[in-house]
Amino acid sequence: MKLDSEMDNIGKEKVEALKEAIKSVDSTETNRLISEIRTFISKNIVYKVVFMPYKASMWDSLESIWMAADKDERCEALVVPITYYELDNNQNPIKKVNERNLFPKYVNAVNDEEYDLENDLPDIIYIHNPYDEFNRVTRVESRYYSYNLKKYCSKLVYIPYYKWIDGVSSTNFRPGMYHADYAVQNSEDAVARYIDSADEYAGILGSEVIEVKESLKRKVINLGSPEVDKVVSLSEANTLLPESWKGKVLKSKVNVLYNTTLDEVFRSRNLDKIRETLSFFKNNKERAFLIWRPHPLMRQTLFSMLPNLLKEYDELMEEFCNGDYGIIDTNASMYYAMFWTDMCYGFNSSSLTELYRYTGKIVLQDFPEIAKITSSISKEDLLNKLKNTNVVTEPECSLPDVVNVISDNIELKIGKKLNLEKSGEKINNYMIDVLKK
């Protein structure tokens with residue numbers, strides 16, 4: 001934290017006046033000056049707030065907080081994308097990566113190799129990578145492990161890079177969340193379930209359950225989701241159609257975002273569902289178009305953990321890229337695909353699938369264990385269902401039927417956005433208030 005030079009001089013004058021009041025044993029004047037100094041500090045102090053993302057595709061989990069801090073006169077906000085390593089299947093580093101140049105142009109990202117964390121000593125550090133040395137696919141440099149970052153800031157705040165899904169998301173132990181001073185969640189269900197997981201955490205940490213539970217009660221708080229902020233803010237003005245998509249993403253077709261997750265591949269242990277989905281779009285390209293967004297770590301994960309599927313995955317990818325019925329979404333941001341599509345097809349454990357709900361457009365939740373789905377309800381009932389809710393599921397509803405109903409009822413392409421409180425501003429204000437105490 002700091003004061004500018006002019007404010008610093010005014011503050012010194014007030015402190016000198018306080019000293020004189022104390023010497024004269026004037027309690028009324030002393031109390032008045034103490035109150036005045038507190039107000040002065042509160043109004044004029046500037047807090048150093050540093051954001052340390054590692055993957056550009058996950059920046060949305062921090063962006064609206066950064067936007068709030070960046071325009072807040074109480075803050076000096078800095079974005080420092082941190083270096084990480086890709087790992088082989090023995091968890092050995094094979095490639096050093098920094099995605100600083102992949103962040104949006106309006107983000108003035110700082111080179112982490114030039115940033116002097118140890119001497120800058122920020123008041124707040126925000127992170128979205130909670131794994132420290134325990135990630136098996138990628139790993140940040142050791143100086144950015146949560147327990148090391150904690151040495152150089154007043155408050156370390158962990159923001160999940162995914163959105164919690166009530167009744168679906170799990171409370172796996174993440175060391176960064178435990179080492180952080182605050183672990184922000186976006187649901188009361190998440191807060192309650194993390195606190196209820198104290199015995200599991202205690203076993204891993206070798207600590208007393210009551211101690212861990214009290215710690216979780218202090219640090220796990222529901223302040224909303226910056227990713228929902230992003231979805232609600234999307235517009236044609238701030239989410240321009242990518243150049244390479246022009247002439248391909250057409251309003252005359254049902255444009256479908258296919259969100260392929262690591263979770264569903266691990267559950268099925270094969271690529272049959274992906275193959276079946278691509279085949280549908282290949283055979284129905286007159287009315288439907290596919291924007292395929294595999295998880296950004298899909299190939300690296302297959303290489304490390306399911307190498308028997310890697311050759312098949314590469315072949316599917318090559319065949320798709322050479323076809324004319326869809327495109328791979330390689331944008332760091334998932335929001336172009338979310339804005340320019342008419343529906344989303346994806347697994348219900350995925351943050352992207354969950355976030356798509358906030359566009360108001362149709363979501364079909366994938367059932368990965370079954371490759372070929374036949375709807376168990378009529379098209380008329382499906383139409384009524386889609387008019388009443390924007391979320392339907394397999395195996396009750398099939399991808400071909402949902403696409404066909406939307407194609408015949410174009411009003412279903414229009415989603416209704418929600419008017420929600422901005423979580424980024426809420427989180428920023430909360431943390432600044434914490435520092436003031």
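Structural remarks
- Scanning segment 134-149 for residues that are open to solvent by less than 60 Å² (accessible area, probe 1.4 Å) and either within 21 Å of the chain's Cα centre (by Cα) or more than 12 Å from His179 (Cβ to Cβ) (or both) yields Asn135, Val137, Thr138, Arg139, Val140, Glu141, Tyr144, Tyr145, Ser146, Leu149.
- Segment 254-271: number of residues that are without any contact (Cβ under 8 Å) to a residue 60 or more places away in the chain and farther than 21 Å from Arg357 by Cβ: 4
- Within segment 325-437, helices (runs of 4 or more DSSP H) holding 1 or more residues that are over 30 Å from Tyr182 (Cβ atoms) and open to solvent by 10 Å² or more (accessible area, probe 1.4 Å): 335-340, 379-388, 399-408
- Some residue of segment 91-101 being among the acidic types (Asp, Glu), crowded, with 21+ Cβ neighbours inside 10 Å and under 14 Å from Ala332 (Cα atoms): no
- Taken together, the criteria exclude Tyr115 from residues that are open to solvent by less than 70 Å² (accessible area, probe 1.4 Å), at pLDDT 95 or above, in contact with a helix residue (DSSP H, G or I) (Cβ under 6 Å, 6 or more places away or on another chain) and not aliphatic (A, V, I, L, M).
- Residue in segment 296-311 that is open to solvent by 50 Å² or more (accessible area, probe 1.4 Å), touching a residue at least 12 places away in the same chain (Cβ under 8 Å), closer than 21 Å to Lys230 by Cβ and of a type in the set (Lys, Arg) present: no
- Residue among Tyr85, Tyr106, Tyr54 that is of a type in the set (Phe, Trp, Tyr) and touching a residue at least 60 places away in the same chain (Cβ under 8 Å): Tyr54
- Tyr178 vs. criteria within 15 Å of the chain's Cα centre (by Cα), of a type in the set (Ser, Thr, Tyr) and at pLDDT below 95: no
- Residue within segment 152-165 that is over 25 Å from Val49 (Cβ atoms) and surrounded by 15 or more Cβ atoms within 10 Å (Cβ to Cβ) present: yes
- Restricting attention to segment 198-243, the residues that are in a helix (DSSP H, G or I), touching a helix residue (DSSP H, G or I) at 6+ places or on another chain (Cβ under 7 Å), open to solvent by 40 Å² or more (accessible area, probe 1.4 Å) and over 17 Å from Leu62 (Cβ atoms) total 5.
- Of the candidates Ala68, Ala56, Ala17, Ala77, the single residue that is at negative phi, at pLDDT below 65 and touching a helix residue (DSSP H, G or I) at 6+ places or on another chain (Cβ under 8 Å) is Ala17.
The values are calculated or read from the model by the stated rules, or taken from the named source; none is laboratory data. Quick caveat: nothing in here was measured; it's all calculated off a predicted structure. Note that each Cβ is placed from the backbone with ideal geometry, even for glycine, and that neighbours are counted across all protein chains shown. Please note that ligands, DNA and RNA were not included when accessible areas were found on the heavy atoms of the full protein model with its side chains. Shrake-Rupley method; radii C 1.70, N 1.55, O 1.52, S 1.80 Å.
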